[in-house]
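Single-structure report; data block below.
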Amino acid sequence: MHRLGTIVFFFTMIFSYSFSQNKSSIDSLTLLLKTAKPDTNKVILLSQLCYEYANSDPNEALVYGRLGESLANQLKYKKGTALCLGKMGMVYYNQGEYENALVHYLRALKLSEEIGNANGVSDNLCNIGTVYRTQKKYDKALEYQFKALKMDEASGNKYAIASDHTNIGNIYFDAENYQKAMIYYPKALKVFEELSDKQNTATVLNNIGGIYFSRKNYTMAIENFNRAIKIYEAEGDKLGIAIDFNNIGEVYADQGKYDKALDYYKKSLLVATEIGAKDIQKYNYNGLAELSSALNDYKSAFEYHKLYFDVTNELLNSETSSHINEMAIKYETEEKEKENVLLKEENTKQNFLNQHQKEIGNYLILGLVSVSLVGFTFFSRSRRKEKEKENLEKIVSERTFELKNKNKQKELMLQEIHHRVKNNLQLISSLLRLQTNFKGDKEVDEILSNCNNRIKCMAILHDKLCQANDYSEINSLEYFTELTSYVSGNYDNVITNIKTDLNVTPLTLHINKLIPCGLIMNELVSNAYKYAFNESDTDNTIKISFSKNAVNQTYELIISDNGKGLPENFDAEEQGGLGLVIVQSLVEQLDGKISYIRNKGTSVEIIFPV
């Protein structure tokens with residue numbers, strides 16, 4: 001059974017702050033704020049309110065953060081300014097606005113360096129590293145994290161040093177450099193145990209277990225997950241227990257010990273259901289569906305798949321509601337800002353009118369009746385024009401706001417559509433995979449498997465679109481990387497001596513071009529795995545390259561291998577199977593050209609216009 005990794009980790013990327021909204025804390029801080037003098041203590045109060053509101057109301061959090069920053073600037077209190085900037089950086093990070101988060105962290109870092117605040121410098125270096133890690137810029141992430149480690153080692157702050165080691169381990173893990181990750185995780189574990197920090201000890205144990213699982217060292221993976229579970233049980237952390245029960249289930253499933261895996265998935269599901277952890281239930285149902293299929297219990301497999309998609313859709317609906325609430329908050333904020341702008345404009349115009357009225361009064365007092373009449377006529381016309389301009393500006397402003405709001409709603413609808421399409425494609429894919437597990441005709445099974453792979457190509461694309469800012473274009477490198485990993489994974493258990501070499505220029509492409517490209521790549525790479533090499537061959541390589549020819553304004557997709565090559569005088573239309581017929585049709589859809597080249601293997605080159 002081919003399994004996609006669904007192991008769950010507590011990856012602590014330890015920040016200088018962590019989010020937790022507490023209503024009693026907010027009430028207390030708000031009460032203190034009402035009587036606070038405009039001094040450094042008030043800056044600290046405002047920064048704390050920014051922290052407390054970070055999860056429940058990010059917009060409110062940013063308001064308090066900006067007020068704190070403004071007051072700190074007036075007081076020339078640089079430490080306070082840096083503190084507020086750092087808290088706002090965390091809010092932006094939590095919202096996924098990574099560039100804004102970086103801007104705030106870098107400003108906070110600069111101020112902390114100016115005043116010689118070593119802890120502030122270390123915290124912000126760590127947080128900047130966190131943002132780069134999330135953006136998968138691992139070299140930059142390590143650069144800043146190692147700077148933080150160097151400072152913390154100089155100060156002798158044990159907790160900070162252990163946190164740095166954990167974060168560095170996480171970066172290496174994400175970069176799939178497990179060897180280096182295992183240098184830093186044990187260092188962090190040792191210090192957290194010395195400090196009796198149970199939660200972080202369990203977290204690091206969980207991460208170490210994940211590395212052993214990736215290395216197929218199942219005994220050590222289970223040992224570390226069980227050690228973490230004991231701590232979670234002592235601390236009453238049911239979420240941690242549910243996650244690691246699921247992880248152990250994954251380990252047993254990967255070994256083919258399905259009965260034990262089933263037992264742990266069910267244990268995890270019981271705890272996850274008790275605490276309402278639907279994101280963990282999703283993993284449980286998916287694992288149970290896969291196992292039931294492997295055990296030929298197709299009825300249970302179908303039921304678990306249905307539950308999996310029900311929970312997934314429920315989580316999606318919750319996420320959609322959250323987006324709608326965010327839009328409502330932004331709408332109210334923009335309305336207030338618009339009212340303030342209009343009020344300010346009205347006051348300016350009223351001052352202008354008052355000034356003119358005084359001037360007209362002076363003209364009357366001086367007896368210049370004729371001038372005053374001309375002035376009055378001019379003023380009336382001016383007033384009328386101002387009124388017309390005001391009305392026009394108001395109409396334009398309202399219309400612009402309506403259009404922006406409609407665009408936001410359309411974006412939300414598009415995201416919802418892509419989520420639904422992705423989930424439906426995954427459901428079809430799961431049903432096809434279940435069907436292939438029935439004992440039947442091998443030829444039929446292969447046809448179903450090929451259909452499943454084609455559906456998965458489109459499901460991956462829609463998944464990428466759900467995560468993208470633009471719901472019609474995505475990054476070619478990200479898509480081809482994930483697709484290559486999926487296609488290769490289908491054959492890893494059968495063919496072990498073939499490696500893939502991916503050379504893709506990161507380009508932003510419309511889905512109308514990427515869908516055909518993905519399907520073409522799936523067909524050609526699958527064919528290469530199945531037919532290009534002899535069993536005795538070694539050093540087998542499949543190369544995938546994608547680039548743009550700026551001179552000719554064309555895209556070039558090349559799939560090549562160093563296998564036995566195509567027969568002499570090969571004709572794709574006459575000698576190719578259904579896969580190559582599909583490839584030809586997709587190339588025509590792209591208005592492109594395809595060439596089959598025999599040269600130390602096979603190279604298929606597709607060129608199509610930008």
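The values are calculated or read from the model by the stated rules, or taken from the named source; none is laboratory data. Keep in mind that this is a model prediction, so the values were computed, not measured. Neighbour counts run over all protein chains shown; Cβ positions are idealised from the backbone, glycine included. Quick note on the areas: whole protein, heavy atoms, side chains included, nothing else; ligands and nucleic acids left out. Shrake-Rupley method; radii C 1.70, N 1.55, O 1.52, S 1.80 Å.
Solvent-accessible area of L142, probe 1.4 Å, all protein chains present, reported in Å² to the nearest ten, please.
Approximately 20 Å² of L142 is accessible to the 1.4 Å probe.
Where nothing but the Cβ of Lys and Arg (+1) and of Asp and Glu (-1) is charged, how large is the charge dipole of segment 168-268 around its Cα centre, in debye to the nearest 20? The partial results should precede the final answer.
Values: 13 positive and 14 negative charges, 39 e Å.
Dipole of segment 168-268, to the nearest 20 debye: 180 debye.
Given the whole protein assembly as supplied and a 1.4 Å probe, what does the accessible area of D571 come to in Å², nearest 10?
60 Å²
Keeping every protein chain in place, order D152, D537, D27 by accessible area at 1.4 Å, biggest value first, i.e. largest first. Can you show the working numbers first?
Values: D152 10, D537 40, D27 80 Å².
Sorted descending by solvent-accessible area, the residues read D27, D537, D152.
Hey, any idea what % of segment 144-185's accessible area is carbon plus sulfur with a 1.4 Å probe? Write out the running numbers ahead of the final one.
Values: 930 of 1860 Å².
Taking all protein chains in place, segment 144-185 shows 50 percent carbon and sulfur surface.
At 1.4 Å probe radius, can you tell me the per residue accessible area of segment 137-269 in Å²?
Numbers: 5850 Å² over 133 residues.
On a per-residue basis, 44 Å².
Under the 0.36 nm per residue contour assumption, what length would be gained going from the current alpha-carbon distance of D39 and E535 to full extension?
Working: separation 496, 0.36 × 496 = 178.56 nm, distance 7.71 nm.
Full extension from D39 to E535 adds 170.9 nm.
I need the peptides 192-204, 261-273 ranked by packing, meaning the mean over residues of other C-beta atoms within 10 angstrom, with the highest value on top. Before the final figure, lay out the partial values.
On the way: 192-204: 18.7, 261-273: 20.5.
Per-residue Cβ counts within 10 Å, averaged per peptide and sorted highest first, yield 261-273, 192-204.
Can you send over the solvent-accessible area of S28, 1.4 Å probe, protein chains only, in Å² to the nearest 10?
Roll a 1.4 Å probe over it and S28 shows about 70 Å².
Would you mind getting me the FRET efficiency between V551 and S214? Use the beta-carbon distance for r and R0 = 45 Å, nearest 0.05.
Details: r = 43 Å, r/R0 = 0.96.
The formula returns an efficiency of 0.55 here.
What residues qualify as long-range amide H neighbours of V504, i.e. H under 5 Å apart, gap of 5 or more or another chain, H built at 1.01 Å from N?
Long-range HN contacts for V504: F546.
Which order do the peptides 501-507, 118-124, 98-104 take when ranked by the mean count of other beta-carbon atoms within 10 Å per residue, highest first? Spell out each step's value before the answer.
Values: 501-507: 14.1, 118-124: 21.1, 98-104: 17.7.
Top to bottom by mean Cβ count within 10 Å: 118-124, 98-104, 501-507.
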